[in-house]
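Single-structure report; data block below.
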Amino acid sequence: MNTLSADRNRRILVIDDNRAIHEDFRKILAPGLPTSAALNIAETELFGGPTNPVPKIEFEVDSASQGQEGLALVRSACAAGRPYAMAFVDIRMPPGWDGVETTRKIWEVDPDLQIVICTAYSDYSWNEMFEKLGQHDGLVILKKPFDTVEALQLAHAFTEKWWLHQQSRRKMHELENMVAARTRELQTANEQLKNEMAERARTEEVLRQAQKMEAVGQLAGGIAHDFNNLLTIIRGYVQCLNSEMQRNADVDEALREIDVAAERATKLTSQMLMFSRKKKMQPRSINLNEIIPQLGTMLRRLLDENVALKIETGGPPLTIRADPVMMEMIVLNLAVNARDAMPHGGKLLIATYEIEIKPEDCQRNPQARPGQFACIRVEDNGSGIAPEVLPHLFEPFFTTKEVGKGTGLGLASVYGIVKQHEGWVEVESELGHGARFKIFLPLEFKNPKTGTLLPKPALLVGGSETILLVEDEHSVRRLAKLLLQRQGYRVYEASSGVEALAVWETHGSEIDLLLTDMIMPGGMSGRELAEKLAGKKAQLKIIYTSGYSPDTISQNLTLKEGSNFLPKPYHPDKLIHIIRQRLDEPAPAPPALKN
Ligand SMILES: Nc1ncnc2c1ncn2[C@@H]1O[C@H](COP(=O)(O)OP(=O)(O)OP(=O)(O)O)[C@@H](O)[C@H]1O
Ligand SMILES: [Mg+2]
């Protein structure tokens, strides 16, 4: 079979007013048709004599006698999706359009059609034809008479050209589609890349922020620790003066002022410690749905009358492992901030509920993690927070309030507490549209217990026992010694572990209790000293003291506030109380004597 096979378009249209010529073309292009006398005459006219049989390829030949008729055939062929590949058009076809006019009209319908205009006379010059038809590469002028081979060659060449033209157009179309698809893919990839870059920048920003908070936290913790020592001294001496001095009203007043100021400073350092997470926490199982409504009365007193407070709790217990006092501090801080943001009144909602955090929720907040959480939501419809303020909200000492109105430690301590409880905080706010703070805290599912009551303060009782006081800070040591001596105790002092060992050498047998700082210079910690001395005297009572929380310093040592641990700064009463309590505890049994 010929390579120019049947799937090629072999449709040819002959437009000629001489019907015999139709037959003639059919005889050449579509073999196997009967010939007639008329055909032979026409053949002679067209080709100059009878045609010789030439190997034929099947063309499908239609014919029309007038231009209009030819145009109608072209139209219906296109509409049927079977267009002609080429047409032979006679130049003179009275009474209708001539060949040039017919060609012009046909190209309006089917510009791909390859056309051979057959002319016996020079009806038109080339220039005239180009003027009428424009430059078209699908046009050939063929002078009559032409021979069979010429007609066949043209038929082959033009149908093939039509085919190649269609092929290349199809390929071009496919190529354009591929380019468009690839462009879309690239655009999508580009979008994804942009999103990833934005996401990465956001995560980096959060990380930077967290690192900054960590650094500031350490700084705040360090400062607070030093302050604690100073405050212990100030408050202790105020206490001493209070009870010993010749009293007059002015001195009384001055002492009260000093004490109030020192107490405020103590609270401040406590908040700084809270932020730096060095504050000791006393966690227990608590039900937020129980604790938060209990704050209602206090909150209502705190808020102006024109603030409508709504507390939405209830439902099953929301049990978390937390320090209840710290939880209250969180809510109080958030409520006070909300109050300050609504100077002309508004609404404050405090809600607690359980929430499941799914992995996909964690994408918008890198601090979040999946699981079941308790959420405390504090929402107001106050002034809202400006976008440039939002990133600084939790920094210590960041405040937008007037001097004296805010210290900027409220949210910093909220942040610290929440971190210490292994949770996180989220804020949503828009300037002028209020603020919504959400605190997420891990739920405790195992052994939910109701809280235990805090111990009641006991009466202050002194004693006559002997105490070894070890403290590197000179003023703190002096104060503690004074306080203890005033309660009747005998006190030996030392400023380091090594010095304490030397005191022990001479007075060890008299000493009933060791009160020692945890961290001291000189190469021996309070703990090492205690272990050494306990090795020498099993009944020795030990109390540790430190400005750091036991969590940060204990290292396998069980430290219990009020029993064997006294956090600094301490109120003189606390010192006296813990000493007595410890001394009154039954002594550990002495090791059995060997026979
Ligand atoms: N609910 C809120 N609405 C609008 N702004 C708020 C809200 N909560 C906090 N802010 C903004 O955050 C800042 C920091 O709050 P933060 O509680 O840490 O400090 P403060 O309230 O200024 O001072 P402090 O709490 O120590 O008395 C505030 O000064 C305020 O600008
Ligand atoms: Mg505040």
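The values are calculated or read from the model by the stated rules, or taken from the named source; none is laboratory data. Computed from a predicted model, the values in this text were never measured in an experiment. Quick reminder, even Gly has a Cβ in these numbers, built from the backbone with ideal geometry, and neighbours come from all protein chains shown. Accessible surface is based on the protein model in full, side chains and every heavy atom, while ligands, DNA and RNA are left aside. Shrake-Rupley method; radii C 1.70, N 1.55, O 1.52, S 1.80 Å.
For this structure, a couple of remarks:
Quick grid of which residues meet (1) exposed (fewer than 15 other Cβ atoms within 10 Å of the Cβ); (2) in contact (Cβ under 8 Å) with a residue 60 or more places away in the chain; (3) within 29 Å of residue 560 (Cβ to Cβ):
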site: 187; (1), (2), (3): yes, no, no
site: 202; (1), (2), (3): yes, no, no
site: 206; (1), (2), (3): yes, yes, no
site: 220; (1), (2), (3): no, yes, yes
site: 270; (1), (2), (3): no, no, yes
site: 283; (1), (2), (3): yes, yes, yes
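For every residue, the table says whether it meets (1) of a type in the set (S, T, N, Q); (2) in the same structural domain as residue 425 (by TED's automatic domain parsing); (3) within 16 Å of ligand 1 (Cβ to nearest atom); (4) farther than 30 Å from residue 432 by Cβ.
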{"site": "289", "(1), (2), (3), (4)": "yes, yes, no, yes"}
{"site": "295", "(1), (2), (3), (4)": "no, yes, no, no"}
{"site": "303", "(1), (2), (3), (4)": "no, yes, yes, no"}
{"site": "311", "(1), (2), (3), (4)": "no, yes, no, no"}
{"site": "315", "(1), (2), (3), (4)": "no, yes, no, yes"}
{"site": "319", "(1), (2), (3), (4)": "yes, yes, no, yes"}
{"site": "333", "(1), (2), (3), (4)": "yes, yes, yes, no"}
{"site": "337", "(1), (2), (3), (4)": "yes, yes, yes, no"}
{"site": "344", "(1), (2), (3), (4)": "no, yes, yes, no"}
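- Among the conditions (1) away from ligand 2 (no atom under 15 Å from the Cβ); (2) open to solvent by 40 Å² or more (accessible area, probe 1.4 Å); (3) closer than 16 Å to residue 425 by Cβ, residue 375 misses just one, which is (2).
- Within the range 303-350, the set of residues being crowded, with 18+ Cβ neighbours inside 10 Å and among the small types (Gly, Ala, Ser) comprises 322, 335, 338, 341, 346.
- Under the condition of being free of Cβ contacts under 8 Å to residues at least 60 places away in the same chain and not basic (Lys, Arg), the residues counted in the range 469-484 number 4.
- In the set (1) under 24 Å from residue 285 (Cβ atoms); (2) charged (D, E, K, R); (3) not in a helix (DSSP H, G or I), the condition left unmet by residue 328 is number (3).
- Residues of the range 355-406 classified as basic (Lys, Arg), more than 11 Å from ligand 1 (Cβ to nearest atom) and part of a loop (DSSP other than H, G, I, E, B), total: 3
- Every residue from the range 159-213 that is basic (Lys, Arg) and over 27 Å from residue 60 (Cβ atoms): 182, 184, 194, 200, 202, 208, 212
- Residue match in the range 342-360 (condition: within 13 Å of ligand 2 (Cβ to nearest atom), more than 27 Å from residue 281 (Cα to Cα) and touching a residue at least 40 places away in the same chain (Cβ under 8 Å)): no
- Scope the range 400-434; condition within 14 Å of ligand 2 (Cβ to nearest atom), open to solvent by 10 Å² or more (accessible area, probe 1.4 Å) and among the small types (Gly, Ala, Ser); matching residues: 404, 406, 408, 410
- In the set (1) open to solvent by 10 Å² or more (accessible area, probe 1.4 Å); (2) part of a strand (DSSP E or B); (3) in contact (Cβ under 8 Å) with a residue 60 or more places away in the chain, the condition left unmet by residue 548 is number (2).
- Which listed residue, of 430, 426, is more than 27 Å from residue 321 (Cα to Cα) and more than 9 Å from ligand 1 (Cβ to nearest atom): 430
- Total residues in the range 457-500, condition closer than 19 Å to residue 519 by Cβ and assigned to a loop (DSSP other than H, G, I, E, B): 5
Residue-by-condition table, conditions (1) outside the structural domain of residue 518 (by TED's automatic domain parsing); (2) over 29 Å from the mean Cα position of the chain (by Cα); (3) under 20 Å from residue 574 (Cα atoms):
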site: 204; (1), (2), (3): yes, no, no
site: 211; (1), (2), (3): yes, no, no
site: 227; (1), (2), (3): yes, yes, yes
site: 263; (1), (2), (3): yes, yes, yes
site: 292; (1), (2), (3): yes, yes, no
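- Conditions (1) more than 15 Å from ligand 1 (Cβ to nearest atom); (2) in a strand (DSSP E or B); (3) touching a helix residue (DSSP H, G or I) at 6+ places or on another chain (Cβ under 7 Å): number failed by residue 348: (1)
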